[in-house]
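The values are calculated or read from the model by the stated rules, or taken from the named source; none is laboratory data. It should be emphasised that the depicted structure is a prediction, and the values quoted were computed from it without experimental measurement. Because the Cβ atoms are built from the backbone with ideal geometry, glycine has one as well, and the counts that use them run over all protein chains shown. With ligands, DNA and RNA removed, areas are computed over all heavy atoms of the protein, side chains included. Shrake-Rupley method; radii C 1.70, N 1.55, O 1.52, S 1.80 Å.
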Amino acid sequence: EAETKRQVLATDERRVEALRRNDPAPLRKIYADDYTLVTEDGIVHTKTDQLEALAAGLLRYEKFAVTERTVRAYGDVVVLVSREQSTILRAGRQVGGDLRSTRVYKKFGKEWRVIATHASSIAR
């Protein structure tokens, strides 16, 4: 279980670094083909939506910091809960902020991939 958590945290850190660089290339492997993101305002985005928006500059991570991560492993599925502070521009509109995210990873062969993310704003 410790090795599973280490692998998932390493993959999650690669995901964070790709987003900080606004680089969709590493995300092609990190996101599963059927990946979905539910944003803090309830909009569902697919892997294709995310990668195309990043590549076109319609999605930009201006600031992105992960301040907490909790990992729970269930065989070939891992639930990662994190707290994130971000400034994100989506089609010119600022989104993000102080968020709590739940990210589900699944092992495909030897690789861990994100299958789903749900982000919620932290009320002040």
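For Cα pairs less than 8 Å apart in space and 6+ apart in sequence, what is the mean separation divided by the residue count of region 21-78, i.e. the relative contact order in percent? Each step should come with its number before you reach the end.
Numbers: 37 pairs, mean separation 17.3, N = 58.
Computed over region 21-78, the figure is 30 percent.
Specify the angular offset, from 0 to 90 degrees and rounded to the nearest 10, of the alpha carbon long axis of helix 2-20 from the longest principal axis of the alpha carbons in the chain.
So the helix axis and the longest Cα principal axis differ by about 20 degrees.
With a cut-off of 8 Å between alpha carbons and a minimum separation of six or more residues, what is the relative contact order of the chain in percent?
Working: 243 pairs, mean separation 30.3, N = 124.
That works out to 24 percent.
What number in nm² do you get for the chain if you take the convex hull of its Cα atoms and divide its surface by four? Could you put the intermediate results ahead of the total?
Working: hull surface 28.7 nm².
Taking the Cα atoms of the chain, their convex hull projects to 7.2 nm² on average.
Name all residues of region 70-110 having a backbone nitrogen under 20 Å from the label point set 7 Å from the Cα of Glu1 along its Cα→Cβ direction, giving them as ranges.
The answer is 70-82, 103-107.
So which lysines pass the test for Lys63, namely a Cα distance under 24 Å, with those fewer than 8 places away in the same chain ruled out?
Lys29, Lys47
For the pair Ala123 and Asp33, what calculated FRET efficiency results from E = 1/(1 + (r/R0)^6), where r is the Cβ-Cβ distance and R0 = 41 Å, to the nearest 0.05? Could the numbers behind the result be given before it?
Numbers: r = 34 Å, r/R0 = 0.83.
That pair, Asp33 with Ala123, gives E of 0.75.
Using a 1.4 Å probe on the protein chains only, how many percent of the accessible area of the chain belongs to carbon and sulfur? Provide the component values of the computation, followed by the final result.
Details: 3390 of 6600 Å².
Within the chain, the accessible surface is 51 percent carbon and sulfur.
On full extension of the chain, what length is gained from Asp49 through Val79, given 0.36 nm per residue of separation minus the C-alpha to C-alpha distance?
Details: separation 30, 0.36 × 30 = 10.80 nm, distance 2.28 nm.
Length gained between Asp49 and Val79: 8.5 nm.
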